[in-house]
């Protein structure tokens, strides 16, 4: 939408100063530099982390904002207002539409599982995750102190381990966390679900 708006500004925004066979001034050069500069700024907002793109929506918002400003400055206020209305419809309606779309099978979610060492818990954690349709992309373990004995069946002073799992799948990571918390020997499970709806 921003690119289309920039094109319309280029075509119709300078008719009062550009005449056939005569160029009084050439303000379209300023619009061209806006496109280049905002494109550069927008590219700086986009980055990839763990095969997931971040900042794309923010960059698109900056791009459209610049196009709206160019349209207003070129004397096309109705076009600028129409672009703002179209952008708000897309921005506000997208969240409700995205909740109805199929979940992404490639979004990486994070699980932290704290469990008693020496009871084969990690093997069962991986079995449950696989059975729930998740793929483990990355796994890291580390010591997590000693058990405090407050959990049922806990042995005081027994060594605890925390494992961090990066998983992806089409199911709910929160449901997986609930199932993992019911395993014998598991003391705590926290989850960051990449597919959880915002708000």
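The values are calculated or read from the model by the stated rules, or taken from the named source; none is laboratory data. Here the structure is a predicted model, which is why all the values come from computation and not from measurement. Glycine gets a Cβ as well: all are built from the backbone with ideal geometry, and neighbour counts include every protein chain shown.
Mind checking whether some residue in segment 42-56 is in contact (Cβ under 8 Å) with a residue 40 or more places away in the chain, in a strand (DSSP E or B) and out of contact with any strand residue (DSSP E or B) (no Cβ under 7 Å at 6 or more places or on another chain)? Yes, there is a match, as at least one residue in segment 42-56 is in contact (Cβ under 8 Å) with a residue 40 or more places away in the chain, in a strand (DSSP E or B) and out of contact with any strand residue (DSSP E or B) (no Cβ under 7 Å at 6 or more places or on another chain). Checking 2, 55, 39 one by one, the residue that is modelled with pLDDT of 70 or more, at positive phi and either outside the structural domain of residue 89 (by TED's automatic domain parsing) or surrounded by 13 or more Cβ atoms within 10 Å (Cβ to Cβ) (or both) is 55 and no other. With respect to (1) touching a strand residue (DSSP E or B) at 6+ places or on another chain (Cβ under 8 Å); (2) loosely packed, with under 15 Cβ neighbours inside 10 Å; (3) at pLDDT below 85, the lone exception for residue 95 is condition (1). For residue 88, the requirement of being in a helix (DSSP H, G or I) and either loosely packed, with under 14 Cβ neighbours inside 10 Å or in the same structural domain as residue 170 (by TED's automatic domain parsing) (or both) is met. Please tell me if residue 161 is more than 30 Å from residue 1 (Cα to Cα), touching a helix residue (DSSP H, G or I) at 6+ places or on another chain (Cβ under 7 Å), modelled with pLDDT of 75 or more and not assigned by TED's automatic domain parsing to the domain that holds residue 63. Here the answer is no, as residue 161 does not meet what is asked. Here 139, 110 are screened, and the one residue that is surrounded by 16 or more Cβ atoms within 10 Å (Cβ to Cβ), modelled with pLDDT under 85 and either over 11 Å from residue 170 (Cα atoms) or outside the structural domain of residue 173 (by TED's automatic domain parsing) (or both) is 110.
With respect to the stated conditions, residue 25 fails to be modelled with pLDDT of 75 or more and either touching a helix residue (DSSP H, G or I) at 6+ places or on another chain (Cβ under 9 Å) or assigned to a loop (DSSP other than H, G, I, E, B) (or both). Confirm whether residue 82 is out of contact with any strand residue (DSSP E or B) (no Cβ under 7 Å at 6 or more places or on another chain), more than 30 Å from residue 137 (Cβ to Cβ) and modelled with pLDDT under 85. Answer is no for this residue.
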